[in-house]
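Below is one structure, written out as structure tokens; the observations come after it.
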């Protein structure tokens, strides 16, 4: 386990993140007391399953972003 101080963590954050991603255990300390551990985030299978799950199942009408006639008058007119 590597422990670094808060100041060092602020100045070398990119390098510390890269080391944590590579599997190194990085702990950030404040006044010599460990307070935070850097750990890489790994995508879960549920995250991958959600992305694109409804692709091809949802369609939009060609005019979905058009306002009904007179709608803009209710809000002070068109810009």
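Given the structure, is residue 59 at pLDDT below 95, in a loop (DSSP other than H, G, I, E, B) and more than 21 Å from the chain's Cα centre (by Cα)? Spelling it out, residue 59 is indeed at pLDDT below 95, in a loop (DSSP other than H, G, I, E, B) and more than 21 Å from the chain's Cα centre (by Cα).
A quick yes/no check of all residues on (1) under 19 Å from the mean Cα position of the chain (by Cα); (2) at pLDDT 80 or above; (3) surrounded by 10 or more Cβ atoms within 10 Å (Cβ to Cβ); (4) in a loop (DSSP other than H, G, I, E, B):
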site: 24; (1), (2), (3), (4): no, yes, yes, yes
site: 37; (1), (2), (3), (4): yes, yes, yes, no
site: 43; (1), (2), (3), (4): yes, no, no, yes
site: 47; (1), (2), (3), (4): yes, no, yes, no
site: 53; (1), (2), (3), (4): no, no, no, yes
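Would you mention how many residues in region 11-22 are touching a strand residue (DSSP E or B) at 6+ places or on another chain (Cβ under 9 Å) and not in a helix (DSSP H, G or I)? Going through region 11-22 one residue at a time, the tally reaches 1.
The combined condition, being modelled with pLDDT of 85 or more, surrounded by 10 or more Cβ atoms within 10 Å (Cβ to Cβ), assigned to a loop (DSSP other than H, G, I, E, B) and touching a helix residue (DSSP H, G or I) at 6+ places or on another chain (Cβ under 9 Å), is not fulfilled by residue 8.
The values are calculated or read from the model by the stated rules, or taken from the named source; none is laboratory data. Since this is a predicted model, take the numbers as computed values, not measurements. All Cβ positions, even for glycine, are placed from backbone atoms using ideal geometry, and neighbour counts span all protein chains on display.
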